[in-house]
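Please treat every number below as a calculation from the coordinates, not as lab data. Note that this is a predicted model, so its numbers are computed, not measured. Counting neighbours? That spans all protein chains shown, and the Cβs are built from the backbone with ideal geometry, glycine included.
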């Protein structure tokens, strides 16, 4: 399975990763190897196997609609690189015209 | 004339009213102090496990069934990946290929001058809400409040079945009214409990293929939806007529300027790289469970309309209008149970009461006229204690003071005069005081009696029973001739 350098750049951009040209080349090669390994699964006949998204045989795990105390605001904000009062502070992002 | 046909589809996000968030036990109270309703799960801290709130699934099912959707026998959740600071995890837990429900239909009832139509529902699925960004004017930073992150949402997507902004408006109204019947959300657009985006494209009239669409966001009321769509039709029409193209893009409605403006793209190519949420197991719905939820559904507008026609003898228009909104229908039925004559009660609600609501921009329950008071008013007219004209004034007084009509009638001296002795005397005075009209009447101008009845009504401060006044005047005029 092909995994071109352009695709590495695209995925890296989506994941907000900044990679050097050397890294892009290296990851492209490595990802190709990984994907071709995983591609072996395509050799299996899976017509009789129902699709699965889970490795564990469990379903319908719910919780009741009951309140559990939330974190204290100070605690919630304690890992924040920046804050203002009770808010998390982030670089300005605005979607406008 | 228009060479183009408009095609409109809607996307509605509904906050489901639950005590706790969709995947954690944080409360969902609106207006709490910032970041006071968060925990490691909804803040997306490492190593935590989301667990589905059963109530959200039940509420979602209720809506799906009310919208006549097919229910997914086994559903699962996906991660929708994108970076935005209102999304603490870097992905939103949503549904992708196996949504809760699909292929439904919403019947939009006839309006005063427009026929009923149906809008197909493409799908309705569960997902979590994002946090709230507060942009600081003139600052290079934004503030984030994650109280809303993880509030349960049901996303409802229609098929592109609407052809005019008015149809989109009526579809949204009907959808909101249906949702209010289900009691699964407060449907308050101002609080963001109900949010709407619209997709719109034009195509040459008669063409089968859809044109290029734009998506309109920032629609804070149904009126904005209607106005934004009307603007977008003009904009796309101009582009297409002048040989240009419509570009697929997201636009924001600016209600002050009355225009849609191009929104800067959030993520190029909108590549969300959906993949199955490994932390949530699949959910399998047994048909007995679905039936159990179906049994909890209230009587919905179409069925209630039919019952109102049969049980109360209302016309299909009256019944449809009253049942469109749950609180109107409930109010009507309470008034009828309190003794109100159905047809007259329906007329009062659709006439004076709704007019007062529009005038004051309030709901019927805010008018200070409990259903039992309306029933009494209807009965006062029915028993001819007050004339229907006096009743209108009486209703105004009721809305002002919140009092029941009977004590008000006494206090304001409003009782209709049905005592023929009193009227006889007043009629004689009127006849004596208006020789011109009397001679006209006697000369064969029968219309002149209307003027005399008016005078008699004025003398009795509108309290005379008009029919009785008419009869008594006729007899007085005969006697004197």
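Which condition number in (1) surrounded by fewer than 23 Cβ atoms within 10 Å (Cβ to Cβ); (2) outside any strand (DSSP E or B); (3) within 14 Å of chain A (Cβ to nearest Cβ) is the one that residue B:230 fails?
(3)
Is there a residue in the stretch A:52-70 that is outside any strand (DSSP E or B) and more than 14 Å from chain B (Cβ to nearest Cβ)?
For the stretch A:52-70, residues outside any strand (DSSP E or B) and more than 14 Å from chain B (Cβ to nearest Cβ): absent.
I'd like the full set of residues that are surrounded by 14 or more Cβ atoms within 10 Å (Cβ to Cβ) and closer than 22 Å to residue B:57 by Cβ, limited to the stretch A:63-91.
Selection gives A:63, A:65, A:67.
Quick check on my filter: what residues within the stretch B:431-449 are surrounded by fewer than 13 Cβ atoms within 10 Å (Cβ to Cβ) and in a helix (DSSP H, G or I)? First the steps, then the outcome.
Looking only at the stretch B:431-449, we keep the residues that are surrounded by fewer than 13 Cβ atoms within 10 Å (Cβ to Cβ), and these are B:432-433, B:435-436, B:439, B:443-447.
Within the stretch B:431-449, B:432, B:433, B:435, B:436, B:439 meet the criteria.
How many of the residues in the stretch B:37-89 are at the interface with chain A (Cβ under 8 Å from one of its Cβ atoms), buried (at least 18 other Cβ atoms within 10 Å of the Cβ), within 30 Å of residue B:171 (Cα to Cα) and over 25 Å from the mean Cα position of the chain (by Cα)?
The number of residues fulfilling the criteria is 2.
Looking only at the stretch B:335-352, filter to residues that are in contact (Cβ under 8 Å) with a residue 40 or more places away in the chain and in a helix (DSSP H, G or I); which one of those is surrounded by the most Cβ atoms within 10 Å (Cβ to Cβ)? Full working, then the answer.
Of all residues in the stretch B:335-352, those in contact (Cβ under 8 Å) with a residue 40 or more places away in the chain come to B:335, B:339, B:341, B:348, B:352.
Within this subset, residues satisfying the condition of being in a helix (DSSP H, G or I) are B:335, B:348, B:352.
On the way: B:335: 27, B:348: 24, B:352: 19.
Among those that are in contact (Cβ under 8 Å) with a residue 40 or more places away in the chain and in a helix (DSSP H, G or I), it is B:335.
Among the numbered criteria (1) within 14 Å of chain A (Cβ to nearest Cβ); (2) over 24 Å from residue B:186 (Cβ atoms); (3) touching a residue at least 60 places away in the same chain (Cβ under 8 Å); (4) surrounded by fewer than 16 Cβ atoms within 10 Å (Cβ to Cβ), which one does residue B:32 miss?
Of everything listed in (1) within 14 Å of chain A (Cβ to nearest Cβ); (2) over 24 Å from residue B:186 (Cβ atoms); (3) touching a residue at least 60 places away in the same chain (Cβ under 8 Å); (4) surrounded by fewer than 16 Cβ atoms within 10 Å (Cβ to Cβ), residue B:32 misses just condition (2).
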